[in-house]
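Contents: one structure, followed by commentary.
The values are calculated or read from the model by the stated rules, or taken from the named source; none is laboratory data. Everything numeric in this text was worked out from a predicted model, so none of it was measured. Note that each Cβ is placed from the backbone with ideal geometry, even for glycine, and that neighbours are counted across all protein chains shown.
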Amino acid sequence: MNSRTMLVTPELLSAFPILRSLPLAELGQLAQQSTLQKFARRGVVLNAGAQEDTICFLFEGRLQGVDFTIDGREVGLYFIEPGGFCGELGLFDQGPQPEYVIALAPAVVVFIPMESLRIVMAKNPSITTLLSTKLAARVRQMTFQRSLLGLPNVAQRVCCQLWLLVPDRDKETPESSSISNPPTHMEIAIMLNISRETVTRVFQKLQNKQIVKRDGPALLQVTNLLQLKILAGGDEEL
C-alpha cells in the first residue's frame, strides 16, 4: 500500500546529491511542495505514457525502468539506486513518461513537482547541468543496454551486464571490486531478455573460475576484474 504520511524536510532533500548545493531557503520551499510515498515490491512508481508532473527521487530501496516488447515480455532498461532520480525527461520536453518505473524492493520515494524544479533550475544553472549530464548518461547506458541484446553469446551478455555494474573507479585496475546490492538473477535475465536459469548457469561458471563470489545477498565480489573484462569483450569464451 502507498502512503503519503511522512513529512518531507529540507534535511531529507539535502540527502540527494543533486540537491545538496541548494541554499536552505530553496530546499525549504521545495520540501513544502514535495510529497513522500512508500511503495511495496513491484509497485508502479511511474507509468509509461502518462503525463507525469513530478520528478521521482529515491530515498530507500531500488527501482528499475522497464519496457515491454510487442509480445508482452518485460525488458529491463536501467536501475535507480538510493540518491538517484528518474522521470526527468519531462523537465526538458514536457512530454509523457517513456517507460514504466517499478520498485524492485520496498521503496521510499520523494516526488518533487516539475514546475518547482524548473524554477530552481532557472536560478541555479549547476542543477540544470547535473540533470542534463545524468540524462545524457542514461541515454548512453540504455543505448548500450539495447546493444547487448544483439550479442549471440548469452554468457558474454551476462558478463557485459556485470561489467556495467562495476563501479567506474575500479574499472582501470586488474584486481578486484565489489558490486553493492547486485540485481537478482531474474532482474539480470529481464535486462538481457534471457531466462533466469541461463543467468544462474553463467554465474555458476563464473564462481567455479573464481571470477565472482557472493558475499551475502547485498554484495557480489568480483575477484578477477581483468578476466571479467576479457569475457565481456568477447576475447575469450566462458
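Among the numbered conditions (1) more than 18 Å from the chain's Cα centre (by Cα); (2) at pLDDT below 90; (3) not assigned by TED's automatic domain parsing to the domain that holds Gln227, the only one that Lys171 does not meet is (3).
Exactly one residue out of Gly65, Gly90 is buried (at least 17 other Cβ atoms within 10 Å of the Cβ), at negative phi, assigned by TED's automatic domain parsing to the domain that holds Leu19 and in a strand (DSSP E or B): that is Gly65.
Kindly establish whether Pro96 is assigned to a loop (DSSP other than H, G, I, E, B), in contact with a Gly (Cβ under 7 Å, 6 or more places away or on another chain) and either farther than 24 Å from Phe59 by Cα or of a type outside the set (A, V, I, L, M) (or both). The answer is yes for Pro96.
The condition of being surrounded by fewer than 18 Cβ atoms within 10 Å (Cβ to Cβ), in contact with a helix residue (DSSP H, G or I) (Cβ under 7 Å, 6 or more places away or on another chain) and not hydroxyl-bearing (Ser, Thr, Tyr) holds for only one of Leu165, Leu117, Leu130, Leu104, that being Leu130. Among the criteria (1) exposed (fewer than 13 other Cβ atoms within 10 Å of the Cβ); (2) part of a helix (DSSP H, G or I), the one Asp71 does not fulfil is (2). Of all residues in segment 189-238, those satisfying the criterion of being of a type in the set (A, V, I, L, M, F, W, C) and free of Cβ contacts under 8 Å to residues at least 40 places away in the same chain are Ala189, Ile211, Ala218, Ile230. Checking each residue in segment 101-110 for being under 20 Å from Thr35 (Cα atoms) and out of contact with any Cys (no Cβ under 9 Å at 6 or more places or on another chain) picks out Ile102, Ala103, Ala105, Pro106, Ala107, Val108.
So in segment 12-21, with the set limited to residues that are within 13 Å of Val120 (Cα to Cα) and out of contact with any Lys or Arg (no Cβ under 9 Å at 6 or more places or on another chain), which one is modelled with the highest pLDDT? Selected residue: Leu19. Lys213 meets the stated requirement of being over 21 Å from the mean Cα position of the chain (by Cα), not in a helix (DSSP H, G or I) and not assigned by TED's automatic domain parsing to the domain that holds Phe68.
Return the residue satisfying two criteria in turn: it lies in segment 74-87 and is assigned to a loop (DSSP other than H, G, I, E, B) and among the small types (Gly, Ala, Ser), and of such residues it is surrounded by the most Cβ atoms within 10 Å (Cβ to Cβ). Here the answer is Gly87.
Identify, please: which residue in segment 133-154 is in contact (Cβ under 8 Å) with a residue 40 or more places away in the chain, within 14 Å of the chain's Cα centre (by Cα) and closer than 16 Å to Leu165 by Cβ and is, among those, surrounded by the fewest Cβ atoms within 10 Å (Cβ to Cβ)? Don't jump to the end; show me each part of the working.
The initial filter retains those residues of segment 133-154 that are in contact (Cβ under 8 Å) with a residue 40 or more places away in the chain, namely 134-135, 138, 141-142, 145, 148-149, 151, 153-154.
Filter once more, keeping what is within 14 Å of the chain's Cα centre (by Cα): 134-135, 138, 141-142, 145.
With the extra rule that they be closer than 16 Å to Leu165 by Cβ, the set shrinks to 138, 141-142, 145.
Numbers: Arg138: 19, Gln141: 14, Met142: 16, Gln145: 20.
Among those that are in contact (Cβ under 8 Å) with a residue 40 or more places away in the chain, within 14 Å of the chain's Cα centre (by Cα) and closer than 16 Å to Leu165 by Cβ, it is Gln141.
If you take the residues of segment 181-216 that are among the small types (Gly, Ala, Ser) and under 24 Å from Leu149 (Cα atoms), which of them is surrounded by the most Cβ atoms within 10 Å (Cβ to Cβ)? Taking the candidates together, the pick is Ala189.
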